1. Charges only on Cβ, +1 for Lys and Arg, -1 for Asp and Glu: so what's the dipole of the chain about the Cα centre, in debye to the nearest 20?
2. For a label point 7 angstrom out from the Cα of residue 85 toward its Cβ, which stretches of region 100-118 have the backbone nitrogen within less than 17 Å?
3. Can you list the HN-Hα couplings for region 35-44, worked out from phi with the Karplus curve (6.51, -1.76, 1.60; θ = phi - 60°), rounded to whole Hz and with x for Gly and Pro?
4. Arrange the following residues from fewest to most other Cβ atoms within 10 Å of their Cβ: 42, 51, 95.
5. In percent, how large is the relative contact order of the chain, given Cα pairs closer than 8 Å and 6 or more residues apart?
6. How do 89, 14, 49 rank when sorted from fewest to most other Cβ atoms within 10 Å of their own Cβ?
7. Kindly put 11, 38, 112 in sequence by how many other C-beta atoms sit within 10 Å of each C-beta, fewest to most.
8. Roughly speaking, what is the centre-to-centre gap between region 57-118 and region 18-36 when only Cα atoms are used, to the nearest Å?
Amino acid sequence: MNYSYYRWGYYEDSRLFAFLSWVLFIIGAIIALLIRPYDRYVVFHAKQSIVFSLIVLILHVLLSSLSYLGFFIFGWIFWILDRLLIVGSIAFAIVCGIRAWEGEWFRIPLIYDFARQF
């Protein structure tokens, strides 16, 4: 791996694992935590990514269930909301991954508070 030091003060591989923890959702975050458990930058982003991924997963299961259990009109609305959740969460994860690659320590409201507890 390239251990060159950048102007942000983080090694390239730390930024790479922080990026992957966002873009690959919970799987990328778990892999990043297993490979770099003592890197504060990677752990900071991986914990937030895990909490974000779990929230998206719970909402996806809830909206999918409601779309199949609901009446035709309400099921259709829940199905649209579920698709919007998926597209929105992918876009949000890409933006967060880019910000992590750039070396930013950003906190997502409420998600950071949950992630800080574990």
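1. Dipole about the Cα centre, nearest 20: 140 debye.
2. Flagged as within label range: 111.
3. Calculated HN-Hα couplings, in order: 7, 10, x, 9, 8, 4, 5, 5, 5, 4 Hz.
4. 95, 51, 42
5. After rounding, I find 30 percent.
6. Lowest count first: 89, 14, 49.
7. 38, 112, 11
8. Taking the Cα centre of each part, region 57-118 and region 18-36 sit 17 Å apart.
Each value in this text was obtained by applying a stated rule to the coordinates, not by laboratory testing. Since the structure is predicted, the reported quantities are computational estimates derived from the model, not experimental observations. Note that we place each Cβ from the backbone using ideal geometry, even for glycine, and neighbour counts take in every protein chain shown.
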